[in-house]
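Data first, discussion second: the structure below is written as structure tokens.
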Amino acid sequence: MGDGTMNILRDSTLIAINDKVEQEIPVSEDDALYMLTTSDIMGLAAIAHKVKTKLHGNSVFYGVNMNLNYTNICILRCPLCAFSRNKDDNDAYLLTLEEIAQRIHNASDIDEVHIVGGLHPDLPFSYYEDMLTTIKSIRPSIHIVAFTAVEYDYLSKKFNIPLDELFQRLKHAGLGSIPGGGAEIFAPEVRETIAPKKISGQRWLEVMEVAHRNGIKTNATMLFNHIENAHHIVDHMKHVRTLQQKTGGFKTFVPLVFHEQHTGVRAKRKEPTGFDVVRLYATARIYLYNVPHIKALWMYLGEKLAQVLLQCGVDDIGATYYDEKVVHSAGAKTPAWGSEPFLQHLIRNAGFTPVRVNASYVTTA
């Protein structure tokens, strides 16, 4: 063990976990639970950083993109969501295809567009296809990351289109990959409180499996720091790891810290400490050995903590996210977008080499 990790480790359980990592033996659920509670942050971070370095060297990835939240009208109105509205609310909105086209025309040097919205009760299926073809007609090279598993399930059922056909039609229209939203926490007892009308965790996994079968890579998210506990977190990651063993279709795991302002979730725990966040991201990097990337969205965490996580197994800091609305509706204090020089500075100042990519990790600069 010549990389210096053993010189940092003092905890016998972490030493055993490190040995598994060195021998490329997947760590267990019990190991993950231990990592989520250890006070040896430096040792845990060292193991996670070693895994990240083996996968990606000194590179840290970032994107230059824009958000397109096409509507906030949603039939679910989940307690955890501060973004959604009823149709008759004063601040409810729906972007027309012309407005979407104008936003794409007005966007400057972007490589991708990230599209998510509410479950609108009245839109025809042509709206979704035409949205993608319109974007592609304006910027043929752009990578479109569009719609969550919740949206795909809704469209499939509403329009009686099997998921396989749905994915093929939207691929033909310009879909490049799928974001990981809607996963929240898979445990039913948690989901019943924070998102009672949303599809189940099992259905989310089923939708993603069909996407993978159709050659579409996806992210997987996990919303933490609401009412979940460590067992729920490990259970969530276990399901992601298991599906990844079957399909290989997840490219990125994205933990998302919950912001409670303007939401209906009232049983939230205290704010996470820096140790809580480091433990979670480092554990994810070590446990999810078969998922290539771990993303720490600077917009959710704040740029300073996101920088620290680059030493704790994280290899992707997120993107510019011009015009992001969802997390800022819930009270995020970060800017609503970040410039490319800003992201490059964060990465370089943490000691890494910034690499500009799209959502499929294709280098774009």
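Cβ-Cβ under 9 Å, sequence separation 6+ or interchain: first residue in region 329-353 and aromatic (Phe, Trp, Tyr), partner modelled with pLDDT under 50 and not in a strand (DSSP E or B). Which pairs? If the second residue must be modelled with pLDDT under 50 and not in a strand (DSSP E or B), the pairs left are 337/324.
Among all residues of region 154-165, there is none that is surrounded by 22 or more Cβ atoms within 10 Å (Cβ to Cβ) and assigned to a helix (DSSP H, G or I).
Beta carbons closer than 8 Å, at least 6 apart along the sequence or on distinct chains, pair a first residue in region 168-193 that is free of Cβ contacts under 8 Å to residues at least 12 places away in the same chain and more than 21 Å from residue 293 (Cβ to Cβ) with a second that is part of a loop (DSSP other than H, G, I, E, B) and among the small types (Gly, Ala, Ser) for 191/200.
Considering region 241-294 alone, what residues qualify as being among the hydrophobic types (A, V, I, L, M, F, W, C), outside any helix (DSSP H, G or I), modelled with pLDDT of 95 or more and in contact with a Phe, Trp or Tyr (Cβ under 8 Å, 6 or more places away or on another chain)? 288, 291, 294 - these are the residues of region 241-294 that are among the hydrophobic types (A, V, I, L, M, F, W, C), outside any helix (DSSP H, G or I), modelled with pLDDT of 95 or more and in contact with a Phe, Trp or Tyr (Cβ under 8 Å, 6 or more places away or on another chain). The single condition among (1) more than 21 Å from residue 294 (Cβ to Cβ); (2) part of a helix (DSSP H, G or I); (3) in contact (Cβ under 8 Å) with a residue 40 or more places away in the chain that residue 81 does not meet is (2). For region 284-299, filtered to residues that are aromatic (Phe, Trp, Tyr) and surrounded by 24 or more Cβ atoms within 10 Å (Cβ to Cβ), the residue that is nearest to residue 45 (Cα to Cα) is 287. If the condition is being closer than 14 Å to residue 179 by Cα and either in a helix (DSSP H, G or I) or small (Gly, Ala, Ser) (or both), then region 202-228 contributes 204, 205, 207, 208, 209, 211, 212, 220.
For first residues located in region 88-115 and small (Gly, Ala, Ser), partners that are in a loop (DSSP other than H, G, I, E, B) and crowded, with 16+ Cβ neighbours inside 10 Å and lie 6+ apart or on another chain with Cβ distances below 7 Å form the pairs 92/72. Confirm whether residue 61 is at pLDDT below 95, surrounded by 14 or more Cβ atoms within 10 Å (Cβ to Cβ), under 23 Å from the mean Cα position of the chain (by Cα) and of a type in the set (Phe, Trp, Tyr). No: the conditions fail for residue 61.
Among what's in region 1-42 and is at pLDDT below 95 and among the small types (Gly, Ala, Ser), pick the residue that is surrounded by the fewest Cβ atoms within 10 Å (Cβ to Cβ). Only one residue fits best here, namely 2.
The values are calculated or read from the model by the stated rules, or taken from the named source; none is laboratory data. It should be emphasised that the depicted structure is a prediction, and the values quoted were computed from it without experimental measurement. Backbone-built Cβ (ideal geometry, glycine too); neighbour counts: all protein chains shown.
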